[in-house]
Amino acid sequence: MQRKLCSVLFLMVAVSAPWADAGSLEKKEMTVPEVADFSDYPVEVSTQRLQRVDFDSHPDAASFKTRFRTLEGRSANFAGHYLLLYWGCGTSCQQFSIVDVETGQVFMDENWSTSMGVCFREDSALLITNPGAGESARVDSGYYLWDGGELKPLGRGAVKGPGDCDSAYE
């Protein structure tokens, strides 16, 4: 009986395994053009400065009050009227968040982390994670479009990142 049960379990795992990894295969097949250019995703840059962070806009924002308060009084550094901020979360780990300069709204996601930082500009909605990563780094660069509410994936790859990007306030 025990042998039959083990055989059935093995068969279930063997049959379902190819389906379990289908999502990650799709992500790996998504590639980016040879050059990811910030000018392909232009936005108008606001001159407004962040007056106050709205800590009630995200349930985790209050946990990072000290970091967010360093942004008050600053002008946008990402996607026209947003401030992008990142901080270390361990060895080869950086988390980041986005704050709307006009409203103070905080955008965070527990999956927004990188191993090699981020690359962005105030006049573009393009965000590159792990810029310049290659095969030797064991991570890919990720390319995302900020739509004002979420980061939409454009692709992943070991494409050389543009040299004209900003780094976030730490």
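One chain, two ends: E110 and A62. Fully extended at 0.36 nm per residue, the span grows by 15.8 nm beyond their Cα-Cα distance. Karplus-based coupling profile of segment 60-77, in residue order and whole Hz: 9, 4, 4, 5, 10, 3, 4, 5, 5, 5, 5, 7, 4, x, 9, 8, 4, 10, with θ = phi - 60° in 6.51 cos²θ - 1.76 cosθ + 1.60 and x standing for Gly or Pro. Full extension of the chain segment joining E102 with R74 gains 9.0 nm, where the gain is 0.36 nm per residue of separation less the Cα-Cα distance.
No lab work stands behind these numbers, since they all come straight from the coordinates. For clarity, every value in this text was computed on a predicted model and none was experimentally measured.
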